[in-house]
Amino acid sequence: MILKMKGVMGMEMTLSLALEKFLEDRATYCKAVTLQNYRVWLSFFREYMKVRKGVSASELPLDEITPDDIKAYNIYLRNRHAYGAHPVTPTSARPISKTSVRTYMVALRAFYTFLWRDGYTEKNLMQGYRMIRKEKHKQEVLTISEVKTIDSSIDLMNETGLRNWLIVHLMLDAGLRRSEVVGLQCGDIDVNKGIIFIRGAKGDQDRMVLLPFCIQGQLCHYRPKRCNPDGALLLCRDGRPLTLETVKNMFNRLKKATGITRLHPHLLRHTFATSFIYYGGRSYDLMFWLGHSSLNTTQIYVDLSAACRLLKLDIYKIDDVFLQK
């Protein structure tokens, strides 16, 4: 039988201490970016409980949190304004998306499952909790003219502009995820073999993709200054390795410069995948290039390609290196 949920050295288990224990557990096997995401997602719960209970997380006993508190938190999230307390982006009048609500609640479920599994609680308060469904967004692609607009808004005569162009086309013409672009090191590009090595991708899987011809040319102008094979390929202006936040801010600027309001990093990967099928690629090959574990995910792009063909859309054509027979 569990005795009053004791923490370190007999101290009563508080919400703050429980969160620390959870993050310590996740640190043993999660990537740094995943761990940071958990910190952010669960910080909303910590701050909400501080207001609801009138006491800080370091003073709030864990066993005083009830299922009604969790339901109230879920309702709070559904009414919370997008970008609330964001350091850069102004708060929006619209609520956060259902997908975001689900993400925060899934993180909370993982937290309570850990507490129950490791004996800090007698009951898992989130067991059987009904989660809000994800939103099903319409999948879109970029057209030839839109990519021309994006390229024309980037100044290739300076190093930052050249870096930005490479970020865009590594996603658009090679199908890389934002995190994969950020993680690239100089040694991951083999120009002689025409291959990009992607290490520790989603699911901790390594894979290789072809190096597009168009990217090879621009790398010749950008890469000579980056001679260390173990160093980051793409850098911030101050010389530090590129970050996810830097890429996010770059795309926000591109939105304003191009007027393409739906522009975001994953749209480029969607375009790559749809274009690959549209211009004759096979779905099994696409699964390999994207690093998917199942053809079910790849089927989305087969369907989207068929719809684009019926609508006669001028989809951007990816680099020919992927379309050669």
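Could you tell me how many degrees, from 0 to 90 and to the nearest 10, lie between the Cα long axis of helix 15-26 and the main elongation axis, the longest principal axis, of the Cα atoms of the chain?
It is inclined by approximately 40 degrees.
Quick check: the angle from helix 98-117's long axis to the longest principal axis of the chain, C-alpha only, nearest 10 degrees?
For 98-117 against the chain, the angle is about 50 degrees.
If each DSSP helix of 4+ residues adds -39,500 (n - 2.57) and the sum is divided by the residues in the chain, what number results at 222 nm, nearest 500 deg cm²/dmol? Write out the running numbers ahead of the final one.
On the way: 12 runs with 159 residues, N = 325.
After summing the helix terms and dividing by the residues of the chain, the value is -15500 deg cm²/dmol.
Given the peptides 176-183, 117-124, arrange them by the average over their residues of other C-beta atoms within 10 Å, most packed first.
On the way: 176-183: 21.0, 117-124: 13.9.
With the highest mean Cβ count within 10 Å placed first, the list reads 176-183, 117-124.
From Cα pairs below 8 angstrom and at least 6 apart in sequence, can you work out the relative contact order of region 102-173, rounded to a whole percent?
On the way: 29 pairs, mean separation 14.4, N = 72.
For region 102-173, the relative contact order is 20 percent.
Would you compute the Debye intensity of the chain from its alpha-carbon atoms alone, equal scatterers and no solvent, and pass along log10 I(q)/I(0) at q = 0.10, 0.11, 0.13, 0.14 Å⁻¹ to two decimals?
Taking Cα atoms of the chain as identical point scatterers yields -0.72, -0.85, -1.07, -1.17.
Could you give me the ³J(HN,Hα) list for region 153-163, computed from phi with Karplus coefficients 6.51, -1.76, 1.60 and θ = phi - 60°, whole Hz, x at Gly and Pro?
8, 9, 8, 7, 8, 10, 5, 5, x, 5, 4
I need the peptides 30-37, 13-20 ranked by packing, meaning the mean over residues of other C-beta atoms within 10 angstrom, with the highest value on top.
On the way: 30-37: 12.8, 13-20: 20.2.
Most protected by this proxy first, the peptides run 13-20, 30-37.
Restricting to Cα pairs below 8 Å that are 6+ residues apart, what does the relative contact order work out to for the chain? Please round to a whole percent. Write out the running numbers ahead of the final one.
Details: 395 pairs, mean separation 48.5, N = 325.
Averaging sequence separation for qualifying contacts and normalising by length gives 15 percent for the chain.
Step through the residues of region 254-262 one at a time and calculate ³J(HN,Hα) from phi using the Karplus curve (6.51 cos²θ - 1.76 cosθ + 1.60, θ = phi - 60°), rounding each to whole Hz and writing x for Gly and Pro.
With coefficients 6.51, -1.76 and 1.60, one gets 5, 4, 5, 5, 9, x, 8, 5, 8 Hz.
Once a ≥ b ≥ c are taken as the square roots of the eigenvalues of the Cα gyration tensor of region 160-259, is the result rounded (a/c under 1.5), prolate (a/b larger than b/c) or oblate (a/b not larger than b/c)? Write out the running numbers ahead of the final one.
Numbers: a/c = 1.40, a/b = 1.29, b/c = 1.09.
Here region 160-259 falls in the rounded category.
Filter the GluC sites (Glu not before Pro) in region 137-168 to those in DSSP coil with at most 16 other Cβ atoms within 10 Å of their Cβ, and list the result.
Working: sites: E140, E146, E159; in loops: E140.
Sparse-neighbourhood loop GluC sites (Glu not before Pro): E140.
Going by alpha carbons, how many degrees (0 to 90, nearest 10) lie between the helix axis of 67-79 and the longest principal axis of the chain?
40 degrees
On a straight-distance basis, which aspartates and glutamates could pair with K248 in a cross-link, Cα separation under 16 angstrom, same-chain partners fewer than 8 positions away excluded?
Those aspartates and glutamates meeting the cut-off are E180.
For T143, which sequence-distant residues (separation of 5 or more, or a different chain) have an amide H within less than 5 Å of its own amide H, given hydrogens modelled in the peptide plane?
Correct list: Y316.
Please compute the per residue accessible area over the chain with all protein chains in place, 1.4 Å probe, rounded to a whole number of Å². Spell out each step's value before the answer.
Values: 17920 Å² over 325 residues.
Ligands and nucleic acids excluded, the result is 55 Å² per residue.
Using amide H atoms built in the peptide plane, which far-off residues or other-chain residues are under 5 Å from I195 H to H?
For I195, whose amide H was placed from the backbone, the distant partners under 5 Å are D190, L211.
Check E12: other-chain or 5+ apart residues with amide H under 5 Å from its amide H, H built from backbone geometry?
G7
Longer than 25 Å from Cα to Cα, which of K71/K123; K71/K255; K148/K312; K134/K317 are they? Say none if no pair is.
On the way: K71/K123 16 Å; K71/K255 37 Å; K148/K312 19 Å; K134/K317 31 Å.
In this structure, K71/K255; K134/K317 exceed 25 Å between Cα atoms.
The values are calculated or read from the model by the stated rules, or taken from the named source; none is laboratory data. This is a predicted model, so every value here is computed, not measured. Please note: Cβ atoms are built from the backbone with ideal geometry, for glycine as well, and neighbour counts cover all protein chains shown. Keep in mind that these areas ignore ligands, DNA and RNA; they rest on the heavy atoms of the full protein, side chains included. Shrake-Rupley method; radii C 1.70, N 1.55, O 1.52, S 1.80 Å.
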